[in-house]
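Contents: one structure, followed by commentary.
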Amino acid sequence: MTKPSWLDQRYERTFFDSQTLFYDDVIRLRGKEWLNDSIINYYLLYLENVKYEQQKDDLLFLSPSVTFWIMQVKEKEDVADAINPLNPTQKDLIFIPINDNSDETGEVSGGSHWSLVVYNRKEDTFNYYDSSGDYNYGSAVKTVAKIAHFLNPKYDYGTMSIKINKISCSQQQNGYDCGVYLLSFCDVLGNAEHVKNVSPRDINCLREDILKKIQQGVGAT
């Protein structure tokens, strides 16, 4: 029986013209593994370009590499260069993946936990979703301080006093599913469903679904 291409350790494939996945990325979906930035970005690209393609003018899913870069640079102009081309002021909902990575050497896939901040333009709110309490809240505050001005100019750049609402949401039952919860929250919020309804079974199914999409070449270019 021919094994799937993603099980070949030489596996390499590009999706949505921007995200290349390798064997070491994809294999994380098969077991009790922490998802890295590559898999997370693949699914965010899928949400933006496939599932919610009809809402593309209203939704913006920031890639983990963009938020990581924003946290590394020190100049306001550098943050502007990273986010302004994405036209954030034209979007109603902006999904911001949060990682506790403080590695200044440029290793995007570092850190130990993923969570989510969503900016809702109509309500002018920043909402924080974390499957492990408020583990990443400090990282969320720092990220919002650097990014808020470019989402809504009413906010001063660098201010640490912007209100971020901690939203009650489903909690992970292990130490490795945070990235899958992040993606599930993005999915249900994009569909206006409630984040309290995400179950461990949903998380396992999402792992399988992402793997299936990669195997089928959804978004392959």
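Where a number appears in this text, it was derived from the coordinates with a stated rule and is not lab data. These numbers come from a predicted model, not from an experiment. Virtual Cβ from ideal backbone geometry, glycine too; neighbours counted across all protein chains shown.
Given a cut-off of under 8 Å on Cα pairs at least six residues apart, what relative contact order in percent is computed for the chain?
Values: 351 pairs, mean separation 46.9, N = 221.
This gives 21 percent for the chain.
One decimal place: the segment D92-A80 gains 2.4 nm when fully extended, by the rule 0.36 nm per residue minus the C-alpha distance.
Semi-axes of the equivalent ellipsoid for region 137-221, computed as √(5λ) from the eigenvalues of its C-alpha gyration tensor and ordered from largest down, come to 30, 18, 12 Å. When the Cα atoms of region 5-216 are aligned to their principal axes, the ranges along those axes come out at 49, 35, 34 Å in descending order. Helix 200-216 sits at what angle to the longest principal axis of the chain, using alpha carbons and giving 0 to 90 degrees rounded to 10? Computed tilt is about 70 degrees. Each Lys and Arg contributes +1 and each Asp and Glu -1, all at the Cβ; summed about the Cα centre of the chain, the dipole is approximately 460 debye.
State which entries of K32/K56; K51/K166; K74/K142; K56/K213; K32/K146 exceed 22 angstrom in Cα-Cα distance in the structure shown. Please report the intermediate quantities before stating the final value.
On the way: K32/K56 32 Å; K51/K166 27 Å; K74/K142 12 Å; K56/K213 20 Å; K32/K146 33 Å.
Going by Cα-Cα distance, K32/K56; K51/K166; K32/K146 fall outside the 22 Å limit.
Look at the dipole of the chain built from charges on Cβ: of S170, Q90, L45, the Cα furthest out on the positive end belongs to S170.
Specify the angular offset, from 0 to 90 degrees and rounded to the nearest 10, of the alpha carbon long axis of helix 37-46 from the longest principal axis of the alpha carbons in the chain. Its long axis makes an angle of about 90 degrees.
Among M160, M71, sorting on how many other beta-carbon atoms sit within 10 Å of each Cβ, with the fewest leading, yields M160, M71. The packing ranking of peptides 168-178, 135-145, highest mean first, is 135-145, 168-178, where packing means the average number of other beta carbon atoms within 10 angstrom of each residue.
Can you put I96, I164, I27 in order, fewest other beta carbons within 10 Å first?
On the way: I96 24, I164 19, I27 15.
In increasing order of surrounding Cβ atoms, one gets I27, I164, I96.
The angle between the Cα long axis of helix 178-190 and the main principal axis of the chain comes to about 70°, on a 0 to 90 degree scale. Charge tally for G31 (other residues, Cβ to Cβ under 15 Å; Lys, Arg +1; Asp, Glu -1): -1.
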